[in-house]
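S.K.: Take this structure first; my questions come after.
The values are calculated or read from the model by the stated rules, or taken from the named source; none is laboratory data. These numbers were taken from a predicted model, which means no experiment stands behind them. Cβ: placed from backbone, ideal geometry, glycine included. Neighbour counts: every protein chain shown. When the accessible area is computed, the model is the full protein with side chains, heavy atoms only, and any ligands, DNA or RNA have been set aside. Shrake-Rupley method; radii C 1.70, N 1.55, O 1.52, S 1.80 Å.
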Amino acid sequence: MTADKPYADVPGTTIFDTDQARLGYHLNMFCMSLLKAANRERFRAGERAYLDEWPMTEDQKRAVLARDYNRMIALGGNIYYLAKLFATDGKSFQYAAALMTGMSQEDYARMMKEGGRPIEGNRRVGEKARG
Amino acid sequence: MARITAGVATSHVPAIGAALDLGKSADAYWAPVFKGYEFSKRWIAAAKPDVVILVYNDHATAFSLDLVPTFAIGCAASFTPADEGWGARPVPVVEGHPELADHIAQSVIQQDFDLTIVNRLDVDHGLTVPLSLMFGQPQAWPCRVIPIAVNVVLYPPPSGQRCYNLGKAIRRAVDSFDGDLNVQIWGTGGMSHQLQGPRAGLINREFDNAFLDRLIHDPQAQARVPHIEYVREAGSEGIELVMWLLMRGALDARVREVHRFYHVPASNTALGHLILENPAEPDGRGDPQA
């Protein structure tokens, strides 16, 4: 384990450090494979069979099939790798971000237009949100 | 003699590239973003750089967990726009400048910066969106580009101080190149944004604007700011801002602020943009901020 993690108390945030990268190596490399159009087609034709070609954990495969991005991140996924998966689905970063916050895409887009998620109350776990 | 005449900083949000490519740049949502670059397009048409040293990060496109260089320099004659999962952007192939890139690599490595030399590099939105913002949609990009890729995806990225110092080393390299070239350096990415987890959508205007002020006027202080401050205050992906320090390090201690633009939102991100010029007669050539 990497000893010094000053970012551990940042709420709602998983920093993709070397420990996470070790955990998520095959999950992320599966995502990388979707950069090739032929692989995207094969994945779409049979997701489970395609996933079974990768030495991922069953939990990771289930999270992919469920498109549970928070779970994929907990299991070592990184957003820029996972982007290949939602791009294969024809979805945007804003779609994926909204999903991870538990908001509808419409509500999330409105929050962004109104200036985004405020920093107040979002610096540290347990910090009391204002307003 | 080659000379770095100006620095440009800009966010490189992928949705901006998509908006441009899909003809949505006049839409109500995107028009204010592109308006912030109207001046920039006129400015760069007059400035006519021969070469842009473009500092960006690869977003798991050319590099993957199989190979994560902290700093890499593209030395090839050309770089192809990458397929990032939805097909390649319809933008021109990026022409490199192998002679200057090789010179920078040799010079900078001898100044103790261990750059990874890359001769095959498909370039993603991190590099092509800034070109589109500054040059619009030409048939061919009007200058050569030397990509400098910085790892900001796998934690820890290089520190702000390390980036700033590399900028200085690149400045010394360019100053010693035996060729008459007008060179710009661009720093890209940022500003505050977080793309992952329940805190996604974080924006911090106060942090961003303080960063812009300090980047221009007190970059040495900004260089000392640790990663955790960026992560906590500007979001997990806000850490891309260390790349702006690399740009700043290659400029003079005192620069002229030619243009400044800040807009929220561009999709998930606070968009920032600066144009900084070195004075016409360079002072302290060789080690501008020593």
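S.K.: Among all stretches of chain A without exposed trypsin sites (Lys or Arg not before Pro) (DSSP loop, at most 15 other Cβ atoms within 10 Å), which one is longest? Don't skip to the end; give the middle numbers.
M.R.: Values: sites that count: A:K36, A:R67, A:R123, A:R124, A:K128, A:R130.
Answer - A:68-122.
S.K.: Which cross-chain or sequence-distant (5 or more) residues have an amide H under 5 Å from the amide H of B:L202, H modelled 1.01 Å from N in plane?
M.R.: Those qualifying (amide H under 5 Å, at least 5 residues apart or on another chain) are A:R117, B:Q194.
S.K.: Taking the Cα centre of the stretch B:1-114 as the origin, how large is its charge dipole in debye, to the nearest 20, when only Lys and Arg (+1) and Asp and Glu (-1) carry charge on their Cβ atoms? Spell out each step's value before the answer.
M.R.: Numbers: 7 positive and 13 negative charges, 136 e Å.
About 660 debye.
S.K.: Looking only at other chains, what is the average number of their beta-carbon atoms within 10 angstrom of each beta-carbon in A:113-124?
M.R.: So the per-residue partner count for this stretch is 6.
S.K.: If you don't mind, there's one more thing I want to ask. For a test of the definition: using alpha carbon positions, the gyration tensor, and the 1.5 limit on a/c, classify chain B as rounded, prolate or oblate. Can you show the working numbers first?
M.R.: Values: a/c = 1.26, a/b = 1.17, b/c = 1.08.
Since a/c stays below 1.5, the shape of chain B is classed as rounded.
S.K.: Where in the stretch A:65-105 is the amide nitrogen less than 14 Å from a point lying 7 Å along the Cα-to-Cβ axis of A:R48?
M.R.: A:65-66
S.K.: Can you work out the FRET efficiency for the pair A:D19 and B:T116, with r the C-beta to C-beta distance and R0 = 25 Å, to the nearest 0.05? Intermediate results must be reported in sequence, preceding the final value.
M.R.: Details: r = 23 Å, r/R0 = 0.94.
Given R0 = 25 Å and the Cβ-Cβ separation, E is 0.60.
S.K.: Let me ask something else. For each pair in A:K5/A:K91; A:K5/A:K113; A:K91/B:K24; A:K5/A:K84; A:K36/A:K91, compute the distance between the two Cα atoms and list the pairs where it is over 21 Å. Intermediate values should be presented prior to the final figure.
M.R.: Working: A:K5/A:K91 32 Å; A:K5/A:K113 33 Å; A:K91/B:K24 17 Å; A:K5/A:K84 28 Å; A:K36/A:K91 17 Å.
Check vs 21 Å cut-off fails for A:K5/A:K91; A:K5/A:K113; A:K5/A:K84.
S.K.: May I pose another question? Can you work out the FRET efficiency for the pair B:N209 and B:Q139, with r the C-beta to C-beta distance and R0 = 35 Å, to the nearest 0.05?
M.R.: Working: r = 37 Å, r/R0 = 1.06.
Between B:N209 and B:Q139 the formula returns 0.40.
S.K.: What does the average come to when, for each residue of peptide A:84-96, you count the partner chain Cβ atoms lying within 10 Å of its Cβ? Spell out each step's value before the answer.
M.R.: On the way: counts 7, 1, 2, 6, 2, 1, 2, 1, 6, 11, 8, 0, 4.
Taking all residues of A:84-96 together, the mean is 4.
S.K.: So what's the gap between the Cα centers of the stretch B:48-62 and the stretch B:64-97, to the nearest angstrom?
M.R.: 9
S.K.: For the stretch B:8-27 and the stretch B:150-201, what is the separation of their C-alpha centers, rounded to whole Å?
M.R.: The stretch B:8-27 and the stretch B:150-201 have Cα centres separated by 21 Å.
S.K.: Got the relative contact order for the stretch B:1-143 handy, in percent, Cα pairs under 8 Å and 6 or more residues apart? Before the final figure, lay out the partial values.
M.R.: Values: 162 pairs, mean separation 50.1, N = 143.
35 percent.
S.K.: Same structure, new question: Am I reading the A/B interface right? What is its buried accessible area, both sides, 1.4 Å probe, to the nearest 100 Å²?
M.R.: Values: alone 8400 and 11970 Å², together 16520 Å².
So the buried area, both faces added, is about 3900 Å².
S.K.: For chain B, what is the relative contact order in percent, using Cα pairs closer than 8 Å and at least 6 residues apart in sequence? If you can, show how the numbers build up before the last one.
M.R.: Values: 634 pairs, mean separation 86.8, N = 290.
Relative contact order comes out at 30 percent.
S.K.: Counting only protein heavy atoms and a 1.4 Å probe, tell me what percentage of the stretch B:3-277's accessible area is made up of carbon and sulfur.
M.R.: Working: 4440 of 9070 Å².
C and S atoms contribute 49 percent here.
S.K.: Could you list the GluC sites (Glu not before Pro) in the stretch A:1-109 that lie in coil according to DSSP, counting only those with at most 16 other Cβ atoms within 10 Å of their Cβ? Don't jump to the answer; show the numbers that get you there.
M.R.: Values: sites: A:E41, A:E47, A:E53, A:E58, A:E106; in loops: A:E53.
Taking the stretch A:1-109 and a limit of 16 other Cβ atoms within 10 Å, the loop GluC sites (Glu not before Pro) found are A:E53.
S.K.: Would you mind working out the accessible area per residue for the stretch B:181-281, using a 1.4 Å probe, and quoting it in Å²? Kindly include the intermediate steps, with their values, before the conclusion.
M.R.: Numbers: 2750 Å² over 101 residues.
With the other protein chains kept in place, the stretch B:181-281 gives 27 Å² per residue.
S.K.: Same structure, new question: Under a 1.4 Å probe, what is the accessible area of the stretch A:1-58 per residue, stated in Å²? The partial results should precede the final answer.
M.R.: On the way: 3070 Å² over 58 residues.
Each residue of the stretch A:1-58 exposes 53 Å² on average to a 1.4 Å probe.
S.K.: Do any residues of the stretch B:175-196 lose at least 50 Å² of accessible area when the full set of protein chains is present rather than just their chain alone, and if so which, with a 1.4 Å probe?
M.R.: B:L195, B:Q196
S.K.: Output wanted: per-residue J couplings in Hz (rounded whole) for the stretch B:200-216, from phi through Karplus 6.51 cos²θ - 1.76 cosθ + 1.60, θ = phi - 60°, x for Gly and Pro.
M.R.: So the J values, rounded to whole Hz, are 3, x, 4, 9, 9, 4, 5, 4, 4, 6, 5, 4, 4, 4, 6, 4, 6.
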